[in-house]
Protein chains: 2
Amino acid sequence: MAVAVKALFFDVFGTLVDWRGSIAREAKAVLEPHGFVSLDWLGFADAWRGEYQGAMEEVRSGRIGFCKLDVLHRRNLDRVLPRFGADKLGEADRVNLNLAWHRLDAWPDVPPGLKRLKARYRLAPLSNGNISLQVDLARRNGLPWDAILGAEFAGDYKPKPRVYLAAAAAFDLAPSDCMMVAAHTSDLKAAAALGLRTAHIARPDERGPGKGEAAPGAPVDIAAGSLEDLAAKLGT
Amino acid sequence: MAVAVKALFFDVFGTLVDWRGSIAREAKAVLEPHGFVSLDWLGFADAWRGEYQGAMEEVRSGRIGFCKLDVLHRRNLDRVLPRFGADKLGEADRVNLNLAWHRLDAWPDVPPGLKRLKARYRLAPLSNGNISLQVDLARRNGLPWDAILGAEFAGDYKPKPRVYLAAAAAFDLAPSDCMMVAAHTSDLKAAAALGLRTAHIARPDERGPGKGEAAPGAPVDIAAGSLEDLAAKLGT
């Protein structure tokens, strides 16, 4: 594969970790002891995630200053809980449930794929998740990052250009020496517009069976079925 | 040892890596082929390092905007080369020599010490060196960082308070939940003034035989002889 890059930047939610299944599991663990026994846990995960883009748009538009994604997740949680009849959930449980985003499980191909890629490339998450969240996900799943870049480092949220450009600059690299790896065409289009190379990872079931991107919706440099497939296609 | 912290932040130059011996070796490797055969290589390292604080003070004082330490190292190199009769050194060699700071060797106790500490604590460099420099040092020496924090992340140079406080905030921790680890009393005093816990590492030969700190010059929480000693004193 004639794609000579020096660093790989990774989207995390959906691309590397199964946010939907993990949040459903974590929500059940926190809420079930309070008597919520037949809640639609996957629906709860979808509802919480459904507030994600709108909350970040407040920052991207400049209507509010930058704050960590943990803060936005908490505001979104407080908005979603009443819809599921859980408006009485106490503060300690809300804090704990909000940290569910620090306890997401990686797709099985991710740890071995990253291990292979690390031998040849600098690796960093280029996610909207904050640094402490990425550190917890890395420790939980064994993700061998060289550095934690992304939204908190840049002070804005993807797909704002500075998030991608700040990551390349931190590694002393031109955008064309970097590859964005994501399961979402919109992320890759934003990166490509700035000169980064792109790799799409198929996660066809990310948002539920058949509700993820099985293939890129725009031209990319590499389309892969998993991180191990990406490692193979990059010759590592 | 009754010091309950959750993260350890590390000074790097001198505390974790032997900048003096490494820069002397790298300078010799770059300059000797140009006929510099009997240069005082350790003296060259000392002279280059001698420009370090003054260059950072330009940023700390606000006289110039923040720039990476690589940029300051390069200005300092251009200033030092003529003193050693090397003012004719070409651009490619200067670029290569400047990257000598990315090729420093860790003291032998550092990789095993960090490995032990990582089991219990979040670990990050809290150095004035830039992110790409830290990534290269980590890869060269096997330093298992959770994240790269420090000057470039904070946009200012130690001992400015925001460098320490930005690191604690990135990990969602109060300063008192963090410990600064350094071979330099001045660094530890700045951290302690902000509420961080402190550990001093003895590096008695850092600047030459007997020209380093064999013991802290102010009260610290832990005084250790090496990172392995620190790991033992923290019970890991």
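The values are calculated or read from the model by the stated rules, or taken from the named source; none is laboratory data. Please read all numbers here as calculations on a predicted model, not as lab measurements. For neighbour counting, all protein chains shown are included, and Cβ atoms are generated from backbone atoms with ideal geometry for every residue, glycine included.
Do we find a residue being within 22 Å of A:ARG139 (Cα to Cα), surrounded by 21 or more Cβ atoms within 10 Å (Cβ to Cβ) and away from chain A (no Cβ under 14 Å) anywhere in the range B:112-130?
Yes.
What tally of residues in the range A:137-163 results from selecting those that are over 14 Å from A:PRO125 (Cβ atoms) and either within 13 Å of chain B (Cβ to nearest Cβ) or part of a strand (DSSP E or B) (or both)?
Selection size over the range A:137-163: 1.
Mind checking whether some residue in the range B:190-206 is of a type in the set (Gly, Ala, Ser), away from every other protein chain (no Cβ under 12 Å), out of contact with any helix residue (DSSP H, G or I) (no Cβ under 9 Å at 6 or more places or on another chain) and surrounded by fewer than 17 Cβ atoms within 10 Å (Cβ to Cβ)?
Within the range B:190-206 (the criterion being of a type in the set (Gly, Ala, Ser), away from every other protein chain (no Cβ under 12 Å), out of contact with any helix residue (DSSP H, G or I) (no Cβ under 9 Å at 6 or more places or on another chain) and surrounded by fewer than 17 Cβ atoms within 10 Å (Cβ to Cβ)), the answer is no, since none of the residues qualifies.
Go through the residues of the range A:125-132 one by one and say whether even a single one is outside the structural domain of A:ALA191 (by TED's automatic domain parsing) and assigned to a loop (DSSP other than H, G, I, E, B).
no
State whether one or more residues within the range B:87-97 are within 17 Å of the chain's Cα centre (by Cα) and within 14 Å of chain A (Cβ to nearest Cβ).
No; the residues of the range B:87-97 include none that is within 17 Å of the chain's Cα centre (by Cα) and within 14 Å of chain A (Cβ to nearest Cβ).
Before we move on, is A:ARG94 outside the structural domain of A:ALA183 (by TED's automatic domain parsing), basic (Lys, Arg) and touching a residue at least 24 places away in the same chain (Cβ under 8 Å)?
no
Does any residue of the range A:51-64 turn out to be modelled with pLDDT under 95, surrounded by 14 or more Cβ atoms within 10 Å (Cβ to Cβ) and outside the structural domain of A:PRO209 (by TED's automatic domain parsing)?
Checking the range A:51-64: not a single residue is modelled with pLDDT under 95, surrounded by 14 or more Cβ atoms within 10 Å (Cβ to Cβ) and outside the structural domain of A:PRO209 (by TED's automatic domain parsing).
Rundown of residues vs (1) charged (D, E, K, R); (2) surrounded by fewer than 21 Cβ atoms within 10 Å (Cβ to Cβ), yes/no style:
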| residue | (1), (2) |
| --- | --- |
| B:VAL3 | no, yes |
| B:ALA7 | no, no |
| B:THR15 | no, no |
| B:ARG20 | yes, no |
| B:ILE23 | no, no |
| B:LYS28 | yes, yes |
| B:SER38 | no, yes |
| B:PHE44 | no, no |
| B:ALA47 | no, yes |
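Give the residues of the range B:164-198 that are touching a His at 6+ places or on another chain (Cβ under 9 Å) and farther than 12 Å from B:LEU126 by Cα, sorted by residue number.
B:ALA183, B:HIS184, B:THR185
For the range A:173-185, name all the residues that are under 29 Å from A:ARG207 (Cβ atoms) and either of a type in the set (A, V, I, L, M, F, W, C) or at the interface with chain B (Cβ under 9 Å from one of its Cβ atoms) (or both).
Listed by number, the residues that qualify are A:CYS178, A:MET179, A:MET180, A:VAL181, A:ALA182, A:ALA183.
I need a count of the residues in the range B:35-47 that are at pLDDT 95 or above and touching a Lys or Arg at 6+ places or on another chain (Cβ under 9 Å).
6
On the given criteria, is B:ALA170 farther than 22 Å from B:ARG116 by Cβ, more than 16 Å from the chain's Cα centre (by Cα) and facing another protein chain (nearest Cβ under 9 Å)?
In short, yes.
Working only within the range B:59-81, note down all residues that are more than 21 Å from the chain's Cα centre (by Cα) and either within 15 Å of B:GLU26 (Cβ to Cβ) or within 13 Å of chain A (Cβ to nearest Cβ) (or both).
Across the range B:59-81, the qualifying residue is only B:LEU81.
Hey, among A:ARG120, A:ARG162, which residue is in contact with an Asp or Glu (Cβ under 7 Å, 6 or more places away or on another chain) and among the charged types (D, E, K, R)?
Going through A:ARG120, A:ARG162 in turn, just one is in contact with an Asp or Glu (Cβ under 7 Å, 6 or more places away or on another chain) and among the charged types (D, E, K, R): A:ARG162.
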